[in-house]
Amino acid sequence: MMAGGLMKRILAPAIAAGLLALCSGPVSAQSAAQNGDAEKGETVYIKRCLQCHGDEGDGLGPAAERLNPPPRDFTLGLYKIKSSAFDADLPNDEDLFRMVRDGMPGTAMPGWSDLLSEQEIRDVIAYIKSFAELEGTPEGQVDYGTRVQTSPESIAAGDKLFHADDRCSECHGETGKGDAIKKLKNDNGERTWPRNLTKPWTFRASNDPKDIFARISAGIPTTQMPSFADPKSSKKLSIEERWHVANYVAALAKTEMVVRPENTVIQAARVEGELPAAPDDPVWKTAPPSTFFMVPQIVGKSRFFTTANDTVSVRALYNDKQIAIHLEWDDRTRSIPGDDKARSIADAELSEDAIAVQFPMTIPRGMEKPYFLMGDAAKPVNLWRWSSGTTEAPERITMLDATGIAAQEARDAAATSVAAKGSYKAGTWRVVMTRPLRTETVDRDLQFEEGQFIPIAFFAWDGSNSESGTSHGMTTWYWLLLKPTAGAKPAISALIAVFLIGGILLWWGRGAAARNAGRAS
Amino acid sequence: MKIPRLLQAALVLAGVYFGFVVVFDVILEAVIPASLLVMYMFFVTAGVFMVFTYDEDQTRELVAPIKALVEDPAKRLWRNLVFAIVPLAVGGATYMQMQPGFEAPLELRTIHPAPPTTAKIYGKRVNLLQLENPFRKLEKEDPEQFRELVNEGAAVYIRNCQYCHGDKLDGQGPYADGLNPTPLNFQDVGTIAQLQESYLFWRITTGGPGLPKEAAPWISSMPVWQDFLTEDEVWQVILYLYDYTGHRPRSWEHE
C-alpha cells in the first residue's frame with residue numbers, strides 16, 4: 001500500500017511529466033506556467049471560499065447542513081467531476097479549474113470568473129489540493145477516442161445500451177428520471193439520489209455529450225456511479241458504445257419542460273365540449289406546458305432548505321363551464337404513508353406527496369395582490385391542495401382559505417365543486433384539478449373571467465423528503481390567462497383601415513390628376 | 001451628391017431607432033418596454049419634423065418627392081404601387097394590433113422606497129433617522145474586534161442569505177432564478193453603496209411585508225428577519241455586506 005501509494009503519487013507523475021516533455025514540449029511548458037501558488041491561493045480562499053468550505057477545508061461552513069449537496073470536503077482529496085482515468089486518484093487541475101471558473105449548476109457553488117483572475121483560480125486550486133496533500137498529475141486520462149456525433153442511430157444504440165441488463169436504468173430509471181427503487185449511499189453513508197437525466201440544468205458539469213462521456217468513463221468518485229470503462233466491470237462499454245449512451249442521455253433533456261424566464265403566463269385555451277379530467281388524457285399533450293422553478297420555503301416560519309423538487313410544469317384548458325389545470329412534476333418516489341416498501345425506499349417517515357394551486361379570492365383590479373406566500377389578513381387566498389393518499393385513505397382535494405402560512409382554514413371542497421385526479425408513472429406525478437368557472441360563494445372563491453390576468457402560484461410537498469406543513473417547495477406569483485377567442489374584430493378593423501387609407505390616397509391622387517388636367521388645359 | 005431631404009429625415013429617424021436598440025438592448029442588455037420606445041420615437045419624429053420644416057423652402061424641399069410621386073404623370077406606375085401597398089400595410093398592422101395580447105401586465109415598483117422616519121422593530125419604536133450601526137465605530141477604534149464582527153456577519157450571511165443573494169453577493173444565489181422580483185445584487189453600485197446602514201437595517205428586519213405599497217410588498221420574498229436573527233446579527237451582516245463588496249455606507253457626515 002505504502003509503496004504503491006508512493007509509486008502512484010511520485011513516480012508515475014514524474015514519468016508522465018517526462019513523457020509529456022518529450023512528446024509535447026510547448027504544452028508542458030504552458031502547464032508549468034499555469035501552476036498555482038498555494039500561498040497566494042490561501043488569501044483568495046479566506047476571502048472567497050472559507051465561508052462555505054470551512055477554514056479547515058472540511059466543507060463544514062455555517063450553511064453545510066442547509067445545502068444539498070453540501071460543500072465539498074477538500075481534506076478527502078476526492079472530486080466527483082474528473083476527466084482523469086477511472087483508476088486515477090487525482091482529478092486534472094483543468095477539472096478543478098472548470099468547476100471554480102464556471103460553478104456547478106444545481107448547487108450553491110457559483111462560477112467565479114467575474115471576481116477571480118485565471119491566475120487566482122490556479123492559486124486557489126493549488127491551495128485546495130494542499131488540504132489533502134495532493135501533488136502531481138493523474139496517472140491516466142479518459143480516452144475519448146473518436147467522438148461519435150449525435151444522430152438518431154447513435155441515440156437509438158445508446159437507448160439500447162442504457163436499458164440492456166438494466167445497465168443504467170437500474171438506478172436512473174426506465175425514463176431516466178432517477179426514480180429506480182435502489183437505495184444509494186455515498187462513501188460517507190449519506191443518502192444520495194441518482195441524477196434525473198431529463199433535467200440538464202442540474203448536471204454539475206454540463207449535459208454536453210463530452211461531459212456525459214467523461215462521467216460514464218471515469219465514474220463519479222464518492223458516489224455509486226461506477227466507471228463503465230473499467231475492464232473488470234461486467235457492464236463495461238467500449239468507447240464507441242459510451243458515446244452512444246452519452247448521446248442518448250443528452251437527448252433525454254426534455255426541451256418542452258425547460259424553464260423559460262420570459263414565460264410568466266399560463267395560457268389556457270378554450271375548448272368545445274368536455275375537458276380532459278384524466279391526468280394521462282392525450283388531449284393534454286396538445287396544450288403547451290409552462291415550467292416554473294420551485295424554491296424551498298425559506299421565507300416564513302419554519303424555514304425548510306432542502307426540497308427535493310425544483311420545477312413544476314403547468315397546462316390549463318377551459319370550456320364554457322369549467323377550468324382544468326394540469327400539473328406535472330418529477331418525484332423519484334411515490335410516498336404512501338403506511339406502506340412498508342415505500343417507507344424502506346424513502347428511508348424516513350413518510351408523508352403524502354401533495355401539490356397546491358394558489359389563487360387570490362378575487363381577481364385584483366389594480367396592481368395589488370395578496371402576499372405571495374399564502375396571502376395576508378387583508379387579502380386572503382384560495383388554496384386547492386391535492387394529496388396523494390395513504391394505505392387507508394384515497395387521494396383527495398382540500399379547499400383552504402389562507403391569510404398567511406400559519407393561518408389556513410379548510411373548507412368542504414365538494415361544496416365548491418373542486419375535483420382532482422392524480423396519476424404516478426415512471427417518476428412523474430400528473431394531477432388534474434377542475435372547478436366550475438363560477439361558484440355561488442362569490443365572496444370566498446375566485447370567479448374566473450376570460451381575458452383577465454389572474455395571479456397563480458404553486459406549492460409542492462415531497463412526502464418521502466420529510467416535506468409536510470410549512471416544509472415545502474413554492475413558486476412566486478405567475479399568471480393564468482383564459483385566452484379569449486379573438487372573434488371577427490381584428491379582421492373588421494383591418495378592413496376598415498384598408499378602405500380608409502386607400503380612400504384618402506385615392507382622393508389625393510384624383511385631386512392631383514384633376515389639377516394636372518386643369519393646368520394642361 | 002446631395003442626399004434628398006426626405007431621405008435625410010428618414011435616415012435620421014432610422015439612426016436614432018437603431019442607436020436606441022444597440023445601446024439599450026445590445027450593450028446594456030436592458031429590457032426596455034416597447035411602449036416606452038414607441039413614446040420615445042414619437043417625440044423624436046415630432047422633433048425631426050419640426051427641424052426639417054423650419055421654413056417654407058425647407059418644407060417644400062422635404063415634401064417635393066412626395067408631391068412629385070402623386071402629381072407627376074411619369075411616375076404613375078410607382079404611385080399606383082405605393083397606393084396599393086400602403087393601405088394593405090396599414091391593414092396588416094391593424095390586424096396584428098387588434099389580436100388579443102398575452103403579455104403579462106407590467107409591474108412597476110420602487111426598488112428603494114423612501115423609508116419611514118420611525119418603524120417598529122424588535123418590539124420597540126426605532127427612529128431610522130438617528131439609527132446607526134453600533135459596531136461601525138470599531139472599524140477605527142478596534143480593527144481586530146471589527147474584523148471578528150465582520151467574520152461573524154459572514155457566517156450569518158452564509159447560513160441565512162446566500163441561498164438568494166449568492167455567495168458572491170451578486171444576487172445570483174441558487175434560488176434567485178425562482179424568485180420574482182429577483183434578489184438584489186449588492187456588488188452593483190446602485191444598491192447598498194447608495195444607502196445608509198439604517199436603511200439596510202430597516203429593510204432586513206421588516207423584510208418584504210415591511211415595504212410601503214409603492215414597492216409591492218406582496219411579491220417580495222425577503223423574509224422578516226427580526227423573526228429569525230438578533231439585532232446584533234443584523235448589524236454584523238450589514239458590516240459584512242460592505243466589507244465584502246468594498247462599498248462604503250452613505251452617512252449624513254462627509255457629504
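Quick note: the coordinates plus some simple rules give every number you see, no bench work behind them. What you see is a predicted model; the values in this text were computed from it and never measured. Cβ placement follows ideal geometry from the backbone for every residue including glycine, while neighbour counts extend to all protein chains displayed.
For this structure, a couple of remarks:
- For chain A, the longest piece that avoids every one of the GluC sites (Glu not before Pro) found in DSSP loops with at most 16 other C-beta atoms within 10 Å covers A:57-132.
- When chain B is described by a simple charge dipole with +1 on each Lys and Arg Cβ and -1 on each Asp and Glu Cβ, the residue from B:Ile111, B:Phe20, B:Pro4 located farthest towards its positive end is B:Pro4.
- Each distinct pair of alpha carbons in the stretch A:152-251 adds a 1/r term; the inverse of their mean, the Kirkwood radius, is 13.5 Å.
- Ordering B:Pro143, B:Gly153, B:Met96 by Cα displacement along the dipole of the stretch B:72-186 toward the positive end leaves B:Met96 in first place; charges were set at the Cβ atoms of Lys, Arg (+1) and Asp, Glu (-1).
- Net charge dipole, the stretch B:5-98: roughly 360 debye, given to the nearest 20, about the Cα centre with Cβ charges of +1 for Lys and Arg and -1 for Asp and Glu.
- A:Ile323 long-range amide H proximity, modeled H, under 5 Å: A:Arg435, A:Leu437
- Cα-based helix-to-principal-axis angle, A:239-251 vs chain A, degrees rounded to 10: 30 degrees
- Kirkwood-based Rg to Rh ratio, the protein assembly as shown, C-alpha trace: 1.04
- The shape of the stretch B:118-245 can be summarised by an equivalent ellipsoid whose semi-axes, obtained from the alpha carbon gyration tensor, come to 22, 19, 13 Å from longest to shortest.
- Computed over neighbours whose Cβ is under 11 Å from that of B:Ala193, the net charge equals +1, Lys and Arg +1, Asp and Glu -1.
- Each Lys and Arg Cβ is given +1 and each Asp and Glu Cβ -1; about its Cα centre, chain B then shows a dipole of about 1060 debye.
- ³J(HN,Hα), Karplus 6.51/-1.76/1.60, whole Hz, each residue of the stretch A:321-334, x for Gly, Pro: 10, 10, 10, 10, 10, 10, 10, 9, 8, 8, 8, 5, 10, 8
- Unit Cα scatterers, Debye sum, the stretch B:5-98: log10 I(q)/I(0) for q = 0.23 Å⁻¹: -1.17
- Amide proton proximity set for B:Thr53, modelled H, under 5 Å, gap of 5+: none
- 3J(HN,Hα) from dihedral phi, the stretch B:55-66, Karplus parametrisation 6.51/-1.76/1.60, rounded to Hz, x for glycine, proline: 10, 5, 4, 5, 4, 4, 5, 5, 8, 3, x, 5
- Here the dipole of chain A is about 1840 debye; that uses its Cα centre as origin and unit charges on the Cβ of Lys and Arg (positive) and Asp and Glu (negative).
- Computed [θ] at 222 nm, deg cm²/dmol, chain A (DSSP H ≥ 4; -39,500 (n - 2.57); rounded to nearest 500): -8500 deg cm²/dmol
- Each stretch of four or more DSSP H residues adds -39500 (n - 2.57); spread over every residue of chain B, this sum gives -16000 deg cm²/dmol at 222 nm.
- Computed P(r) (all Cα pairs; the stretch A:265-482; 5 Å bins; percent): 1, 7, 15, 20, 21, 17, 11, 5, 2, 0, 0
- Gap separating the Cα centres of the stretch B:39-81 and the stretch A:455-485, nearest whole Å: 57 Å
- Taking Cβ atoms as reference points and 12 Å as the exclusive limit, the residues near A:Lys369 contribute a net charge of +1, counting Lys and Arg as +1 and Asp and Glu as -1.
- Taking amide H atoms as placed 1.01 Å from N in the peptide plane, the amide H of A:Ala316 lies under 5 Å from those of A:Ala269, A:His326, each 5 or more residues away in sequence or on another chain.
- Backbone geometry of the stretch A:177-183 corresponds, through the Karplus equation with coefficients 6.51, -1.76 and 1.60 at θ = phi - 60°, to 3J(HN,Hα) couplings of 8, x, 9, 5, 8, 8, 7 Hz, x marking Gly and Pro.
- Cα pair count fraction exceeding 13 Å, expressed as % - the stretch A:140-189: 69 percent
- Across the stretch B:5-98, the mean sequence separation of Cα contacts (distance under 8 Å, 6 or more residues apart), normalised by length, yields a relative contact order of 26 percent.
- For the residue pairs A:Lys80/A:Lys236; A:Lys82/A:Lys235; A:Lys301/A:Lys379; A:Lys82/A:Lys425, alpha carbon separations beyond 26 Å are given by A:Lys82/A:Lys425.
- Set of aspartates and glutamates near A:Lys40 by C-alpha distance (under 16 Å), chain-local residues within fewer than 8 positions excluded: A:Asp55, A:Glu118, A:Glu120, A:Asp123
- Between the listed residues B:Thr245, B:Thr182, B:Gly166, the Cα displaced farthest toward the positive end of the dipole of the stretch B:118-245, a dipole computed from Cβ unit charges relative to the Cα centre, is found at B:Thr182.
- Per residue, the convex hull spanned by the Cα atoms of chain B amounts to 220 cubic angstrom.
- Sequence-distant lysines (8 or more away, or on other chains) whose Cα lies within less than 16 Å of A:Lys341: A:Lys182, A:Lys183
- Proximal charge balance of A:Pro360 [Cβ under 13 Å; K/R count +1, D/E count -1]: -2
- Tail fraction, Cα-Cα pairs, the stretch A:51-165, threshold 18 Å, whole percent: 62 percent
- Rg and Dmax of the stretch B:179-247, based on Cα coordinates, read 12.0, 32 Å.
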